[in-house]
């Protein structure tokens, strides 16, 4: 297979990127995820944080009040990122290696999100 024929992140990533502030109530984040039919939000803290459905479910299962708990309290920090020019196979391998379902796409700044769902939809 010619490398130029393989699919790159930029061809499959979800855009526009959905973000949320770190001080937003968890309930607001959950509503945004539901309303936008997405499973992760990039947190605008200035460095490598996302909030996933798993973070929200974990907080609720632990008995945390979704109105009193902020995104900052439960977000995932120091997440790995990918660039738009990476091949889809590389991203799938990274997700498996790190045990994650979402990787923000960065090209100088955040430009999109890659999810396991994006990969599965592309392959189907």
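Bear in mind that the values in this text are calculations on the coordinates, not laboratory data. On a predicted model such as this, the values are computed, not experimentally measured, just so you know.
Helix 88-98: angle to the longest alpha-carbon principal axis of the chain, degrees 0 to 90, nearest 10? The angle comes out near 40 degrees. Among the listed values (1) 54, 34, 18; (2) 33, 28, 24; (3) 53, 29, 26, the one matching Cα extents along the principal axes in Å as calculated from this structure is (3).
One decimal place: the segment residue 23-residue 72 gains 17.0 nm when fully extended, by the rule 0.36 nm per residue minus the C-alpha distance.
Assuming 0.36 nm per residue, please report the length gained on full extension of the stretch residue 36 to residue 14 beyond their Cα-Cα distance.
Length gained between residue 36 and residue 14: 6.7 nm.
Compute the acute angle (0 to 90°) between the alpha-carbon long axis of helix 26-36 and the principal axis of greatest extent of the alpha-carbon atoms of the chain; round to the nearest 10°. Result, in degrees: 40.
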